[in-house]
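One structure below.
The values are calculated or read from the model by the stated rules, or taken from the named source; none is laboratory data. Just so you know, these numbers come straight off a predicted model, no measurement behind them. Backbone-built Cβ (ideal geometry, glycine too); neighbour counts: all protein chains shown.
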């Protein structure tokens, strides 16, 4: 090693030594969050005071705070806000509770009168909006700069011929029933959509993009740099009877209103999970084959990652279980909600992007195959079959509410402080029909609605 490098390293050591000697041991920052214990909404302007050091701060509009001059875990923190009970916690206790404080409202005589008068709604109120231009399900939906994009999807109707024949000819002999069923196969003429529809949240109007993609359904799409990347799903043969898994990625450039085609997609699957993280797009799981006679599926647990900077794909390990699934990214953790593997799934699982670990954190109240999922801040909203769930990822509480929207497998997005549910299909006695419904749900309506079911998971 030359003299210059030795002097350089010695200088670095001296500078670092001076820094650590001159910097107090307690010069660290403590981060936390404060929520209302009942509504679990953030509380702004809560006073946080370190009783040991004398330093304090207040929470912001998200309920978050940052406290300097923290000495050690025995320091006592005092949390106070008008109308709420004051909480005192040591830093050690605060950390054990995931840096989260739940403040309880004070209830005096006047409050008791208000509570007795106020009644909660049995179901969440919503507003019906202008129908989407085409009744669809199994499409994808993305938001860019105040505009919602609905991409392709299934516009077919499906008739359940076996049930229809049983109802019409209940006294038919078995052999005759099987012959009649063979003449009327339980499969309708399929039709997939190729359009990209847009909805402007400001103008509240639907439109249609001039570019159209290859007709496909059961796909996903993700947004990067104002481009919509459309992956996977199924396409149809010319006669609409055979189905294929396309290996092309179609890319719609929103700013330029142009469509590009990439011939490389290693994740050939339907009903899979996907999300964007920085410049990466992750595709996970799904089913890759359906056996015609038994309707049995072949599932995959593969994980593929696309790097938009290099244009290259990489296979990144495997999911713990091969299945159809969907979910949403909250901060650095992706949450898998329900899914399907021969039957609907109840589990909620996570994949932590910071450490690459998978974890099963709890269960839904009931199994769900393809719920509609969206997130706002730390909350995940889940719609399935006339019920909507709210899962707080910080407090690990899961709550279920009723809602009078009777559609199956729609999509759900968040814009501003509202949820939007669109598309899906309606179930009739012998038929499934695509829906063109479009609904708006103010998130604040949850706190005015009766909770049907509730549970809290153990620490994540």
Look through segment 276-287, keep the residues that are under 19 Å from residue 299 (Cβ atoms) and surrounded by fewer than 24 Cβ atoms within 10 Å (Cβ to Cβ), and return whichever of them is farthest from the chain's Cα centre (by Cα). 287
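Quick grid of which residues meet (1) in contact with a helix residue (DSSP H, G or I) (Cβ under 9 Å, 6 or more places away or on another chain); (2) under 18 Å from residue 306 (Cα atoms); (3) without any contact (Cβ under 8 Å) to a residue 40 or more places away in the chain:
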position	(1), (2), (3)
216	no, no, no
223	no, yes, no
227	no, yes, yes
258	no, no, no
263	no, yes, yes
269	no, yes, yes
278	no, yes, yes
285	no, yes, no
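A quick yes/no check of all residues on (1) crowded, with 19+ Cβ neighbours inside 10 Å; (2) modelled with pLDDT under 95; (3) assigned by TED's automatic domain parsing to the domain that holds residue 221; (4) under 14 Å from the mean Cα position of the chain (by Cα):
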residue: 289; (1), (2), (3), (4): no, yes, yes, no
residue: 300; (1), (2), (3), (4): yes, no, yes, no
residue: 306; (1), (2), (3), (4): yes, no, yes, no
residue: 321; (1), (2), (3), (4): no, no, yes, no
residue: 334; (1), (2), (3), (4): yes, no, yes, yes
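I'd like to verify a number: residues in segment 9-53 that are modelled with pLDDT of 50 or more and surrounded by 10 or more Cβ atoms within 10 Å (Cβ to Cβ), how many? Break it down into steps so the answer makes sense when it comes.
Looking only at segment 9-53, we keep the residues that are modelled with pLDDT of 50 or more, and these are 28-53.
Next, only the ones that are surrounded by 10 or more Cβ atoms within 10 Å (Cβ to Cβ) stay: 28, 30, 32-53.
Count: 24.
Yes or no, residue by residue, for (1) touching a helix residue (DSSP H, G or I) at 6+ places or on another chain (Cβ under 9 Å); (2) in contact (Cβ under 8 Å) with a residue 40 or more places away in the chain; (3) over 23 Å from residue 417 (Cα atoms):
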site	(1), (2), (3)
339	no, yes, yes
356	no, no, yes
359	no, yes, yes
365	no, yes, yes
385	no, no, no
Of the residues in segment 68-84, those that are touching a strand residue (DSSP E or B) at 6+ places or on another chain (Cβ under 7 Å) and at negative phi come to 70, 73, 74, 75, 76, 77, 78, 79, 80, 81, 84
Residues that are closer than 18 Å to residue 369 by Cβ: find the strands (runs of 3 or more DSSP E) completely inside segment 228-316 holding 3 or more of those. 287-290, 297-299
Out of the residues in segment 367-380 that are in contact (Cβ under 8 Å) with a residue 40 or more places away in the chain and under 17 Å from residue 405 (Cβ atoms), which is surrounded by the fewest Cβ atoms within 10 Å (Cβ to Cβ)? 374
Considering only strands (runs of 3 or more DSSP E) wholly within segment 343-460, the ones with at least 2 residues that are within 26 Å of residue 198 (Cα to Cα) and within 15 Å of the chain's Cα centre (by Cα) are 372-376, 379-383, 411-415, 418-422
